[in-house]
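Here the structure is laid out as structure tokens; the discussion comes afterwards.
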Amino acid sequence: MNEHYSSQFTGGPSSPLGETGKPTAYGTFLSLKEAVRFYEGEGMGLAGKKVVVAGLGSVGWHLAGHLVEAGAAVIVADINAERVAQFVAQHEGVNSILVDEVLSAEADVLCPAAIGGLLDETAIRGLNYKYVWGPANNQLRASSQEEEERLARLLLERNVHFQVEWRHNTAGVMCGAEEYLHGAEASYAQLVDRIERTIPRRTRENLQAAARLGITPTENAYRSCIDKI
């Protein structure tokens, strides 16, 4: 590993690219923007949309910040009340709810950004969101690809837009790749350019193909990976 990476490549203070949560958040934000344009029209954006960010860790904090800058009505939740208070104090107009209220809240977008396994069949049937689009790993409570795809179809049946998170939370991995390729000369500006060129395009391609084939974006994400393999 030391042939290609600094000892801080996972986001330590000496990494040439900084923490990996920051680009992961940015890529997820761009993917959500692309999804809104795809489903609602090219002129549509996140301004005015009510968005719940569940988790204010190394990714969720930055994601919520991007959403505030985009003009969304942001609501945050985290098990760490101090973290919530800090974010609300730093961002005018942001509100907060308890973690236990996340699944029953009424908003346009839910961005899971903490632990996985958030959405089982019962939770999905009670959602009052138009989108579930966040960076958290394993958002669907499934132990197999088949179960994951079944839950994704249930979301679609309830008119909730969703694609499996590994289709858009990949910028942290791209951060590692940037350092692998360029070592100490790795450039954050170059990483951002790669994120902006890649993640929105891959999101739209996935959504377009899923719509054309009459399947969920999650099913198409798996299908496209199997085709490549």
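The values are calculated or read from the model by the stated rules, or taken from the named source; none is laboratory data. Model, not experiment: these values are computed from the prediction. Neighbour counts run over all protein chains shown; Cβ positions are idealised from the backbone, glycine included. Side chains included, ligands, DNA and RNA excluded: accessible areas come from the protein's heavy atoms. Shrake-Rupley method; radii C 1.70, N 1.55, O 1.52, S 1.80 Å.
Side notes on the structure shown:
- Number of the exception - GLU179 against (1) surrounded by fewer than 21 Cβ atoms within 10 Å (Cβ to Cβ); (2) over 30 Å from LEU127 (Cα atoms); (3) of a type in the set (D, E, K, R): (1)
- Residue check, GLU157 among the charged types (D, E, K, R), surrounded by 18 or more Cβ atoms within 10 Å (Cβ to Cβ) and out of contact with any Phe, Trp or Tyr (no Cβ under 7 Å at 6 or more places or on another chain): no
- Just one of (1) more than 21 Å from PHE38 (Cα to Cα); (2) open to solvent by less than 30 Å² (accessible area, probe 1.4 Å) fails for SER144. It is (2).
- ILE79 assigned to a helix (DSSP H, G or I), hydrophobic (A, V, I, L, M, F, W, C) and touching a helix residue (DSSP H, G or I) at 6+ places or on another chain (Cβ under 7 Å): no
- For first residues located in segment 94-115 and on the phi > 0 side of the Ramachandran plot, partners that are modelled with pLDDT under 95 and not in a helix (DSSP H, G or I) and lie 6+ apart or on another chain with Cβ distances below 6 Å do not occur.
- Segment 50-92, subset in contact with a Lys or Arg (Cβ under 6 Å, 6 or more places away or on another chain) and in contact (Cβ under 8 Å) with a residue 40 or more places away in the chain, residue most open to solvent (accessible area, probe 1.4 Å): HIS62
- Any chance LEU191 is open to solvent by 50 Å² or more (accessible area, probe 1.4 Å), among the aliphatic types (A, V, I, L, M), touching a residue at least 40 places away in the same chain (Cβ under 8 Å) and in a helix (DSSP H, G or I): no
- Across segment 170-222, the number of residues qualifying as on the phi > 0 side of the Ramachandran plot and of a type in the set (Val, Ile, Thr) comes to 0.
- Check on VAL36, over 22 Å from VAL192 (Cβ atoms), buried (at least 16 other Cβ atoms within 10 Å of the Cβ) and in contact with a Leu (Cβ under 9 Å, 6 or more places away or on another chain): no
- Lone qualifier among GLU165, GLU196, GLU149, GLU185 - being acidic (Asp, Glu), in contact (Cβ under 8 Å) with a residue 24 or more places away in the chain and surrounded by 22 or more Cβ atoms within 10 Å (Cβ to Cβ): GLU165
- Between ASN128, ASN137, the distinction of being in contact (Cβ under 8 Å) with a residue 12 or more places away in the chain, open to solvent by 50 Å² or more (accessible area, probe 1.4 Å), under 22 Å from TRP61 (Cβ atoms) and polar (S, T, N, Q) belongs to ASN137 only.
- Among residues that are acidic (Asp, Glu) and at pLDDT 95 or above, GLU34 is included.
- Condition check for GLY18: surrounded by fewer than 21 Cβ atoms within 10 Å (Cβ to Cβ), modelled with pLDDT of 95 or more and assigned to a loop (DSSP other than H, G, I, E, B): no
- Test: residue in segment 201-212 that is of a type in the set (Ser, Thr, Tyr), over 16 Å from LEU32 (Cα atoms) and buried (at least 18 other Cβ atoms within 10 Å of the Cβ): no
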